[in-house]
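**Q** Before I ask anything, let me first share the structure, which is written out below as C-alpha cells.
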Amino acid sequence: MEIENRKAAPIGVFDSGIGGLTVTREIMRQLPDENIVYFGDTARVPYGSKSKENIIRFSRQIVRFLKTCHVKAIVVACNTASALALDTLRQETDIPVMGVVEPGARAAVRETRNGKIGVIGTEATIRSEMYTQVIRRMLPDAEVIGNPCPLFVPLVEEGFAKHKIAEEVIDIYLSELRKTDIDTMILGCTHYPLLRSRIMEYFGDAVHIVNPAYETAMELKAMLEEKEMAHPVGGEASYEFYVSDAAEKFTKFANSILTYDVAATKLVNIEEY
C-alpha cells in the first residue's frame, strides 16, 4: 500500500458484540481524523463461554473480513479475544494488531502505588486470569484481585447504566472489593466504561479507575505516529458499522453512546470468511 493511501486507510475494530463501541468512542475522541470500520459479532456473542479454538476461528474470520475493507491496523476491542486470539492474529497478520488487555494492565502498573490492583470483568475474563498474568509480567510482586460482575453487561445493554438499580448491583458486586486496600482498579470489560462514573463514585478518590478503552486509543495513536501511519489532519472521518446479526438493535445502542449518528448498520455473513 502506498504511504499516502496507507495513511488514509481505516482502522478496523472488532468485538463479540456492542461493548467494543466504548473503544470506538475513545478512538473517535482521541484520533478524530481516523476512519474506522467496526465489526460486532452479534450472532455469536458472548465469546466468554466459547472455547479458545472457536474464539481463534471467529477472530480469524473477522480479520479476513476487515482486510477486505483495506484496514491499516486492527484493534481487538474484546477482552476475551484479546486474551485468547491476539498472539495468533499477530503471527498471521501483516498489519499491526492490538488488544485491550495490555494497555489496561500497563496503565494500572503505572498508576498503582502499593502494588494492589483490582480487576472487574465477566466471569470468563476473571477465570482466565489474563490481566493477572500480564500485570505480573510488568510488576512481578503485584497482588491482583479479580472480581466477576456478570450482571453489568445486561444492565448496560438494557439501558440501566444511569438507573438506581445500577447503584444497587454495583454495591452487591463490589462491596467486598471496597474493603480491600487496592489503590487501582481495571474495568476489564468493554461494557464497563458506561458504568465508570457510578463506579468511581462508589470507590471515591482512594482508588484510581483504569479505563482500557481510553488507554487502547492512546496506545493506538502512539503506534500510528511511530509507524508514520496516522491520518493527515483535516477532512471528515468516515465510520462504517457491520454486524453478524440484529443490526437494528445495534444501531439503536450505538446511537445512545456515540456522538456520531449511525444511520445504518450493515449485515455480514461472517461464516463466509
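The values are calculated or read from the model by the stated rules, or taken from the named source; none is laboratory data. This structure is a prediction, so every number in the text was calculated from the model and none was measured. Ideal geometry is used to build each Cβ from the backbone, glycine not excepted, and the neighbour counts take in all protein chains shown. All accessible areas refer to the heavy atoms of the entire protein, side chains included, with ligands and DNA or RNA removed. Shrake-Rupley method; radii C 1.70, N 1.55, O 1.52, S 1.80 Å.
**Q** Let me cross-check THR68: its accessible surface, 1.4 Å probe, with only protein heavy atoms counted, in Å² to the nearest 10?
**A** The accessible area of THR68 comes to roughly 70 Å².
**Q** Working with all protein chains in place, sort LYS164, LYS266, LYS50 by solvent-accessible area computed with a 1.4 Å probe, largest first. Each step should come with its number before you reach the end.
**A** Working: LYS164 125, LYS266 105, LYS50 70 Å².
Correct descending sequence by accessible area is LYS164, LYS266, LYS50.
**Q** Measure off, as a whole percent, the carbon and sulfur share of the 1.4 Å-probe accessible area of the chain, all protein chains present. Mind dumping the intermediate values first?
**A** Numbers: 6220 of 12720 Å².
Ligands and nucleic acids excluded, carbon and sulfur give 49 percent.
**Q** By how many nm would the segment from HIS70 to LYS164 lengthen if fully extended, with 0.36 nm per residue of separation less the alpha-carbon distance? Intermediate results must be reported in sequence, preceding the final value.
**A** Numbers: separation 94, 0.36 × 94 = 33.84 nm, distance 4.38 nm.
Gain on stretching HIS70 to LYS164: 29.5 nm.
**Q** Return the tail of the calculated pair distribution for the chain, meaning the percent of Cα-Cα pairs more than 24 Å apart.
**A** Numbers: 17410 of 37128 pairs.
Percentage above 24 Å: 47.
**Q** What is the spin-label model distance, in nm, from GLN91 to ILE172 if the labels are put 7 Å beyond Cα along the C-beta direction?
**A** 4.2 nm
**Q** What ratio of Cα Rg to 2.2 N^0.38 Å holds for the stretch 143-273?
**A** Details: Rg = 18.2 Å, N = 131, 2.2 N^0.38 = 14.0 Å.
This ratio for the stretch 143-273 stands at 1.29.
**Q** Using the alpha-carbon centroid of each, what span in Å lies between the stretch 46-64 and the stretch 180-220?
**A** A separation of 26 Å, based on Cα centres.
**Q** Let me ask something else about it. At 222 nm, what value in deg cm²/dmol follows for the chain if DSSP H runs of at least 4 each add -39500 (n - 2.57) and the sum is divided by all its residues, to the nearest 500? Let's see the in-between values first.
**A** On the way: 13 runs with 127 residues, N = 273.
Taken over the chain, the calculation gives -13500 deg cm²/dmol.
**Q** For the stretch 181-251, build the convex hull from the C-alpha positions and give me its volume per residue in Å³. All intermediate terms of the calculation are to be shown ahead of the outcome.
**A** On the way: hull volume 12.1 nm³, N = 71.
Per residue, the Cα convex hull of the stretch 181-251 comes to 171 Å³.
**Q** If I take the Cα coordinates of the stretch 1-151 and project them onto the principal axes, what are the three extents in Å, biggest first?
**A** 47, 32, 29
**Q** Hey, what's the chain come to in accessible area per residue, 1.4 Å probe, Å²? Mind dumping the intermediate values first?
**A** Details: 12720 Å² over 273 residues.
Roughly 47 Å² per residue, with all protein chains present.
**Q** To continue, here is another question. Leaving ligands, DNA and RNA out of it, work out the accessible area of ASP183 with a 1.4 Å probe and give it in Å² to the nearest 10.
**A** It works out to around 30 Å².
**Q** Using a 10 Å cut-off on Cβ atoms, rank the peptides 71-77, 241-247 from the highest mean neighbour count down.
**A** 71-77, 241-247
**Q** Once the principal axes of the Cα atoms of the stretch 101-213 are found, what is the range along each, listed largest first in whole angstroms?
**A** 39, 26, 22
**Q** Please work out how much accessible surface MET218 shows to a 1.4 Å probe, ignoring ligands, DNA and RNA, in Å² rounded to 10.
**A** Approximately 60 Å² for this residue.
**Q** Something else now. Among the lysines, which have Cα under 18 Å from the Cα of LYS179 when same-chain residues fewer than 8 positions away are ignored?
**A** Those lysines meeting the cut-off are LYS116.
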